[in-house]
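Student: First the structure, which I've put down as structure tokens, then a few questions once you've had a look.
Read the figures in this text as sums done on the coordinates, not as results from a lab. Because the structure is predicted, anything quoted here is derived from the model rather than measured. Here the Cβ is made from the backbone with ideal geometry for all residues, glycine too, and neighbour counts use every protein chain on show.
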Amino acid sequence: MERKLLTLNIGRPNLHVWKGITENSAIAKKGIEEVQLSKNGFIGDSVANREFHGGPERAVCLYPYEHYLLWEKEFNQTFRKPAFGENICVENMLEEDIYIGDTFSLGEAIVQVSQGRIPCSTISKHNRVDSLLGRIVETGYTGYFFRVLQEGIVTKSSQLSLIDRKQEKFSVLRGNQLMFHDRKNYVAIKEFLQVEELAGVWREKFLKALEY
């Protein structure tokens, strides 16, 4: 599996005015040609809301290209990349086809899928579609995060190449379904927790779900 990057993006938090309210967000990223990827993310990339973004287990955010086509058709508007605050946009890497723990080379770097993305309301605000966040959660088409196993230079012409697949039971999409829609499926959650590569923050959320 080799997938060429369609976009490579970084950005820093800036003030945005949405419906008369000023908020700080880094969702409005810009395309670049080359950047160093560290364990904490791309150099020059940062986040405002650390509850949902940033940190070693959320160092790189990918959003599948196919979802752009879906949302444009559904909402009858154009979404200009990177409309979802992603670092990279790639074709043929849907949540249903990518598994927690999948390890890829990315330019000189090596990255590993750690969790699905828990989206926040800035996605709707940035794209001026109030129902977008709800539809993303409903479908599980959230995109996903990588941790960085090996640092290195990434360019716009870099490819994601699959190196290793740890398991084939819990795709990103199945993980999203458990997180958003099936938190009482204790049998599946216990099995999901056996995936060592699952991000710590997701592990904590599912462990709390088992307490009820």
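Student: Among Trp18, Phe42, Ala83, which residue has its Cα furthest toward the positive end of the charge dipole of region 1-94, with +1 on Lys/Arg Cβ and -1 on Asp/Glu Cβ?
Tutor: Trp18
Student: Label-point separation (nm) for Asp164 and Lys81, each offset 7 Å from Cα along Cα-to-Cβ?
Tutor: For Asp164 paired with Lys81, the spin-label model returns 2.9 nm.
Student: Step through the residues of region 11-28 one at a time and calculate ³J(HN,Hα) from phi using the Karplus curve (6.51 cos²θ - 1.76 cosθ + 1.60, θ = phi - 60°), rounding each to whole Hz and writing x for Gly and Pro.
Tutor: Listing the rounded values in order: x, 10, x, 9, 7, 10, 10, 10, 6, x, 10, 8, 9, 9, 8, 9, 5, 7 Hz.
Student: Now, a different point. Name the most mobile residue of Phe104, Phe145, Phe180, meaning the one with the largest mean-square fluctuation, in a Gaussian network model of the chain with Cα contacts below 10 Å.
Tutor: So, out of Phe104, Phe145, Phe180, the one fluctuating most is Phe180.
Student: Under 10 Å, Cα contacts only: if you run a Gaussian network model on the chain, which one of Thr139, Thr155, Thr122 comes out with the highest mean-square fluctuation?
Tutor: Thr139
Student: Considering every Cα-Cα pair within the chain, what fraction, in whole percent, is farther apart than 29 Å?
Tutor: Result: 21 percent of Cα pairs exceed 29 Å.
Student: Near Lys4, which lysines are there with a Cα under 17 Å away, not counting those fewer than 8 places off in the same chain?
Tutor: Lys81, Lys156
Student: Still on this structure: With springs only between Cα atoms under 10 Å, which of Glu95, Glu168, Glu86 fluctuates most in a Gaussian network model of the chain?
Tutor: Of the options given, Glu168 has the highest mean-square fluctuation.
Student: Place a point 7 Å from Cα of Glu33 in the direction of its Cβ. Which residues in region 134-169 have their backbone N less than 20 Å from it?
Tutor: 152-159
Student: Under the rule of -39500 (n - 2.57) per DSSP H run of 4 or more residues, summed and divided by the residues of the chain, what mean residue ellipticity at 222 nm is obtained, to the nearest 500 deg cm²/dmol?
Tutor: -7000 deg cm²/dmol
Student: A follow-up question, please. Lys190: which lysines have alpha carbons under 26 Å from its alpha carbon, excluding same-chain residues fewer than 8 sequence positions away?
Tutor: Filter leaves Lys166, Lys169, Lys205, Lys208.
Student: Of all trypsin sites (Lys or Arg not before Pro) in region 36-103, which ones are in loop regions per DSSP and have a Cβ with at most 12 other Cβ atoms within 10 Å? Don't skip to the answer; put the middle values down first.
Tutor: Values: sites: Lys39, Arg50, Arg58, Lys73, Arg80; in loops: Lys39, Arg50, Arg80.
Sites meeting the loop and neighbour criteria: Arg50, Arg80.
Student: Extent of region 17-91 along each principal axis, from alpha carbon coordinates, in Å, largest to smallest?
Tutor: That gives 38, 35, 22 Å along the principal axes, largest extent first.
Student: Please state the charge dipole magnitude for the chain, taken about the Cα centre, from unit charges on C-beta atoms (+1 on K and R, -1 on D and E), reported in debye and rounded to the nearest 20.
Tutor: The calculated dipole for the chain is roughly 560 debye.
Student: In region 46-137, with Lys and Arg counted as +1 and Asp and Glu as -1 at Cβ, which of these residues, Met93, His126, Ala59, has the Cα nearest the positive end of the dipole, that is, farthest along it?
Tutor: Projecting each Cα onto the dipole axis, the largest value belongs to His126.
Student: Cross-link partners among aspartates and glutamates for Lys184, C-alpha distance below 18 Å, same-chain residues fewer than 8 apart left out?
Tutor: Output for Lys184: Glu138, Glu204, Glu211.
Student: Give the residue list of trypsin sites (Lys or Arg not before Pro) in region 108-212 that are DSSP loop and have at most 16 other beta-carbon atoms within 10 angstrom.
Tutor: Counting only loop positions with at most 16 other Cβ atoms within 10 Å, the trypsin sites (Lys or Arg not before Pro) in region 108-212 are Arg128, Arg165, Lys166, Lys169, Arg183, Lys184.
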